[in-house]
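The block underneath contains the structure these notes are about, expressed in C-alpha cells.
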Amino acid sequence: MKKTKILVMTFAAVLGIGAAVSANVNTAAADALHDWIDWNGQTVLQGVTQQDAQDLCVPAVGVCLRAKDNVFIYTTGYLLW
C-alpha cells in the first residue's frame, strides 16, 4: 500500500511540474511576421506582427484583419477606412 501511495504521489508531482513548465513557455508565435489582408482579400500590411496589426484596428467585436498565411491568426475591431 505504501509503495502504491508513493508511486501515485511521485506521478502527481511529475505531472504538476510538467504542467507548470509547459504553461510558462514563451512561444515565438507572437513575434512572427505576417502579411495582413482585409475581408476583400486586399493586402493591407506586409511583414508586421499581430500586435502591430491590431494597433491599426479600432476596438470592436468583429474580425478586422486576417493573416494571409494562416486563417486562425486575426485581429479584432474594424479599419477606419
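Where the second residue is among the acidic types (D, E) and open to solvent by less than 80 Å² (accessible area, probe 1.4 Å) and the first is without any contact (Cβ under 8 Å) to a residue 40 or more places away in the chain and at positive phi and lies in region 34-61, which pairs have Cβ atoms under 9 Å and are six or more apart or on separate chains?
Once the first residue is without any contact (Cβ under 8 Å) to a residue 40 or more places away in the chain and at positive phi and sits in region 34-61, its partners that are among the acidic types (D, E) and open to solvent by less than 80 Å² (accessible area, probe 1.4 Å) give G47/D35.
What strands (runs of 3 or more DSSP E) lie completely within region 3-70 and have 1 or more residues being open to solvent by 60 Å² or more (accessible area, probe 1.4 Å) and modelled with pLDDT under 90? Outline the logic, then answer.
Details: elements: 34-37, 43-48, 58-67.
Fully inside region 3-70 and qualifying: 58-67.
The values are calculated or read from the model by the stated rules, or taken from the named source; none is laboratory data. What you see is a predicted model, and the numbers here were worked out from it, not measured in a lab. Don't worry about glycine lacking a Cβ; one is built from the backbone with ideal geometry, like all the others, and counts go over all protein chains shown. In case anyone asks, the SASA skips ligands and DNA or RNA and just uses the protein heavy atoms, side chains included. Shrake-Rupley method; radii C 1.70, N 1.55, O 1.52, S 1.80 Å.
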